[in-house]
Amino acid sequence: MPVSPPRPTMPHLNALRAFEAAARHNSISLAANELYVTPAAVAQQIKTLETWLGDELFKRHAKGVELTPLGASVLDDFSDAFDALVGAVQKLRVNANPKEVRIAALPSIAQLWVSPRLPAIRSAMPDVSISVTALEEPPNLKREPYDLAIFYGDQPDQKNEQIICQDVLIPVCTPLIAERIQKVSDLRDETFLHDSSWNDDWSKWLSVASPDRNLNKSGPTFSLYSLALEECKNGAGVLMGHEALVQPLIDKGELETPIAIRVELSCYMFFETRPENAEQFVFGKVIEMLKNRKMF
């Protein structure tokens, strides 16, 4: 009679994912955000894994969690394993749909940089499907299903990252408002428009343009830069423009730069691609067309 003893079971994949994410972030809540579950669910998965293991992977304290030496000893192995697993899934998706491009971008970039270029790209590449997702933070391309990310940030230094342009601040307003602004002190009588994501733009520009003047920077704040820009076009006040995003409106004559002082920031608009996608024709062509400033 054959003997069929029960075989040892492996921990559930979700428990391993929860542990790896929490260990990498050193935070239960950040892991929950990444995995789109509740912190309680992540904590429960980790507890299940610890029960299976018979030992602790984290030390719990009032300020959060801390990896035990046991947990720290395997973090890199699990991170590499999940990176490889997600990479295989991404490769499977791209090979099955080679003419599908998924873009993640900062909302202002998605609306003001990417969207105006899409008609020309569709015309030139009618068989390519492009989807765009607006995100406040850059995605982890090793883990999330995007092929291309476009954001502002520090000067990139990776082979799969390309600079589009340096971020430059310039004040913009309608031609009518520009007629009454000849110098920085003339801004004293104008309404300053603000964007909640870039709420220190005016301070950065004024620190260079007028370091000795204490101008009142109060004014309405908008949750989206595109809303602030639209109100600027409507004549509501003066907005601190990010040159790459407002230059098309200046070229069309809808907005003007009343004071020709450009403040260059140590910040850049840049592309990031998955390394394995960077040299594929479809992705390379889309990037080339997106970078073309004369696309619209």
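The values are calculated or read from the model by the stated rules, or taken from the named source; none is laboratory data. Since we're looking at a predicted model, the values are computed, not measured. Cβ coordinates were reconstructed from backbone atoms using ideal geometry, including for glycine residues, and neighbour counts include every protein chain displayed.
Picking from V238, V184, which residue would you name as being closer than 15 Å to V263 by Cα and either in contact with an Asp or Glu (Cβ under 7 Å, 6 or more places away or on another chain) or of a type in the set (V, I, T) (or both)?
On the way: V238 fails: closer than 15 Å to V263 by Cα.
V184 is the lone residue from the list that is closer than 15 Å to V263 by Cα and either in contact with an Asp or Glu (Cβ under 7 Å, 6 or more places away or on another chain) or of a type in the set (V, I, T) (or both).
So, V114, is that one in contact (Cβ under 8 Å) with a residue 12 or more places away in the chain and part of a strand (DSSP E or B) or not? The answer is no for V114. Tell me, yes or no, whether region 230-250 has at least one residue that is under 23 Å from C267 (Cβ atoms) and among the small types (G, A, S). Scanning region 230-250, I find at least one residue that is under 23 Å from C267 (Cβ atoms) and among the small types (G, A, S), so the answer is yes. Of the residues making up region 39-71, those that are among the small types (G, A, S) and either over 16 Å from R17 (Cβ atoms) or not in a helix (DSSP H, G or I) (or both) number 3.
Residues that are farther than 20 Å from L30 by Cβ and among the aromatic types (F, W, Y) within region 49-77 comprise just one, W52.
Do the conditions hold for S115, that is, is it farther than 25 Å from E34 by Cβ and not aliphatic (A, V, I, L, M)?
When the stated conditions are applied, S115 passes them.
Quick one: is V74 out of contact with any Asp or Glu (no Cβ under 6 Å at 6 or more places or on another chain), at negative phi, of a type in the set (V, I, T) and not in a strand (DSSP E or B)? Against the criterion (out of contact with any Asp or Glu (no Cβ under 6 Å at 6 or more places or on another chain), at negative phi, of a type in the set (V, I, T) and not in a strand (DSSP E or B)), V74 qualifies. Answer yes or no as to whether I261 is touching a helix residue (DSSP H, G or I) at 6+ places or on another chain (Cβ under 6 Å) and either surrounded by fewer than 19 Cβ atoms within 10 Å (Cβ to Cβ) or modelled with pLDDT of 95 or more (or both). Taking the combined requirement at face value, the residue satisfies it. When you look at R7, is it in contact with a Leu (Cβ under 7 Å, 6 or more places away or on another chain) and not hydrophobic (A, V, I, L, M, F, W, C), yes or no? In short, no.
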